[in-house]
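Here the structure is laid out as structure tokens; the discussion comes afterwards.
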Amino acid sequence: MARILCVVTGASYWTLKDGHRHPTGYWAEEFVAPYRVFTDAGHEVTVATPHGVVPVVDTMSLRPRMAGGEENSLREEAVIEEAEELRYAVPLTDIRLEDYDAVYYPGGHGPMEDLSADPDSGALLRDALASGRPLGIVCHAPAAILATRDASGGTPFANYRLTGFCNEEEAGVGFADRAKWLLEDELKKLPTEYSRGPAWEPYTVVDRNLFTGQNPASSGPLARELVAALA
């Protein structure tokens, strides 16, 4: 059995460029699909958030049309209800990386609000990358990589091959023109070797111990790759 640290956004809104606070949180599928993969494989999951706040699910992600139908929506709700780890989130400041065998970051628009500038998450990501432990980051969660930059703008993630939610997908959900910045643009600026697949289709990239997924559909495949790396 491995211990997997799941770092989840603590944000309940995302501030758009006009100042509007759009309600958000973590994306249901991006927690649920990997959680089931990890626990079905016999692994233990610990949830951590900034300040130990109980994470909020983005209600949009549980709408049947977003969840792939009413049956999937109800199934995801049931897993979130059963996953007590979500209600007992550990503050990021209390996390010791050496206690875990892998680290996973689900997305949702929440990380664009908090993890993109969270110094504790940034330090954890730098340490996880350097440790060689499998590090999985999906959809909007690569925004957290922006917090790994030092005073001169340098980051250990520079020139890694990775993916994340693309501009076409952001336009598809209606936020490309409303966001203060777009994830694909910022990842390219770091710089990283950003790539993407077809919009909304599963697409993952592995570079050394860094595992990234483009969108919600990529979260399950990414989790299976992490489990394989732990075997």
Using a Förster distance of 25 angstrom, determine the FRET efficiency expected from the C-beta separation of GLU168 and HIS20, and round it to 0.05.
0.65
What number, rounded to the nearest 500 deg cm²/dmol, is the helix-based mean residue ellipticity at 222 nm of the chain, given -39500 (n - 2.57) per DSSP H run of at least four residues and division by all its residues?
-9000 deg cm²/dmol
Of all beta bridges DSSP finds with both residues in region 1-141, what is the antiparallel percent, to the nearest 5?
20 percent
Net charge contributed by nearby residues that have their C-beta within less than 14 Å of SER218 (K/R +1, D/E -1)
-3
Under a 5 Å amide H to amide H cut-off, with H placed in plane at 1.01 Å, what residues pair with TYR26 once short-range neighbours are removed?
VAL56, VAL57, ASP58
I need the shape label for region 129-231. Rule: rounded when a/c is under 1.5, else prolate if a/b > b/c, else oblate, with a, b, c from the alpha carbon gyration tensor.
oblate
Contact order relative to length for the chain, counting C-alpha pairs under 8 Å separated by 6 or more residues, stands in percent at 22 percent
Per-residue ³J(HN,Hα) for region 192-204, Karplus 6.51 cos²θ - 1.76 cosθ + 1.60, θ = phi - 60°, Hz, x for Gly and Pro
10, 8, 6, 9, 8, x, x, 4, 6, 9, x, 8, 10
Looks like the chain, by Cα gyration tensor root eigenvalues a ≥ b ≥ c and the a/c under 1.5 rounded cutoff (else prolate when a/b is bigger than b/c, oblate otherwise), is rounded
Probe 1.4 Å, all chains present, heavy atoms only: PHE165 accessible area in Å², nearest 10, is 10 Å²
Anisotropy class of region 75-185 from Cα gyration tensor, a/c 1.5 cut
oblate
Compute the signed sum of charges (Lys and Arg +1, Asp and Glu -1) over the other residues within less than 12 Å, Cβ to Cβ, of ALA231.
-1
Leaving out ligands, DNA and RNA but keeping every protein chain, what accessible area does GLU70 have, in Å² rounded to the nearest 10, with a 1.4 Å probe?
120 Å²
Could you pull the accessible area for VAL173 with a 1.4 Å probe, rounded to 10 Å²?
50 Å²
Using the alpha-carbon centroid of each, what span in Å lies between region 147-191 and region 27-51?
24 Å
Provide TRP200, TRP181 ordered by accessible surface of protein heavy atoms (probe 1.4 Å), highest first.
TRP200, TRP181
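The values are calculated or read from the model by the stated rules, or taken from the named source; none is laboratory data. Just so it is clear, the model here is predicted, and its values are computed rather than measured. A quick note on method: Cβ atoms are made from the backbone with ideal geometry, for glycine too, and the neighbour counts reach across all protein chains shown. Each accessible area value is taken on the protein alone, full model and side chains, heavy atoms only, with ligands, DNA and RNA left out. Shrake-Rupley method; radii C 1.70, N 1.55, O 1.52, S 1.80 Å.
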